[in-house]
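The values are calculated or read from the model by the stated rules, or taken from the named source; none is laboratory data. This structure is a prediction, so every number in the text was calculated from the model and none was measured. Cβ placement follows ideal geometry from the backbone for every residue including glycine, while neighbour counts extend to all protein chains displayed.
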Amino acid sequence: MPTAVYPGSFDPITLGHLDVIARAAGVFPRLVVAVLVNTRKPVQRDADERAAVIGEALAEAMPHGGHGVEVVKFDGLTVDLARRVGADFIVRGLRAVSDFESESQMAHTNRKLAPGIDTIFFMAALEHAYLSSSLVREIALFGGDVSHMVPPAVLRRLPQVSPA
């Protein structure tokens, strides 16, 4: 069964992330959403909390609660996780040309490290192309409305959201 891994810090998960998950789940019978445990960038919530929020968001937003979508936590190289779960693909979302530059470099690096694993890019839906987790945290810090940016599972935790 074709399997893909969608890695990220998801701090917090946005509607853009959920859109990529939903579209990737339509392509791959098994999609592993991989929450980075030890990211190089500071995170506001530990991996357990971020994984729980993603699970809630999937249950609320996707038909059948995201059947075929698993949420795992991991530390290390994405290609190592992909091998461990039997994935042949890594899913990444692209918002703009600037994303493509860094993501293509990472895709080439991953391909060098694991020649049998390809990266598949999903363009962000236009209505989500501006979204980032750091933008959501910044707006929430100052009391702005982020209800059109994040799923209800994140909104329920907003008093706990702050910028990095």
So is S98 more than 12 Å from the chain's Cα centre (by Cα), modelled with pLDDT under 90 and part of a helix (DSSP H, G or I) or not? yes
Quick one: count up the residues across the range 137-164 that are part of a loop (DSSP other than H, G, I, E, B), aliphatic (A, V, I, L, M) and at pLDDT 90 or above. 3
Go through (1) assigned to a loop (DSSP other than H, G, I, E, B); (2) touching a residue at least 60 places away in the same chain (Cβ under 8 Å); (3) surrounded by fewer than 18 Cβ atoms within 10 Å (Cβ to Cβ) one by one and return the number of the condition M1 breaks. (2)
Taking the range 44-70 as the region of interest, how many residues are surrounded by 21 or more Cβ atoms within 10 Å (Cβ to Cβ) and touching a helix residue (DSSP H, G or I) at 6+ places or on another chain (Cβ under 7 Å)? 5
Among the residues of the range 80-87, are any in a strand (DSSP E or B), in contact (Cβ under 8 Å) with a residue 60 or more places away in the chain and either of a type in the set (D, E, K, R) or in contact with a Phe, Trp or Tyr (Cβ under 6 Å, 6 or more places away or on another chain) (or both)? no
Is one or more of the residues making up the range 102-122 in a loop (DSSP other than H, G, I, E, B), in contact with a strand residue (DSSP E or B) (Cβ under 8 Å, 6 or more places away or on another chain) and closer than 22 Å to R156 by Cα? no
Taking the condition modelled with pLDDT under 95 and of a type in the set (F, W, Y), does F89 pass? no
Can you find even one residue in the range 54-61 that is assigned to a helix (DSSP H, G or I), under 16 Å from the mean Cα position of the chain (by Cα) and without any contact (Cβ under 8 Å) to a residue 12 or more places away in the chain? yes
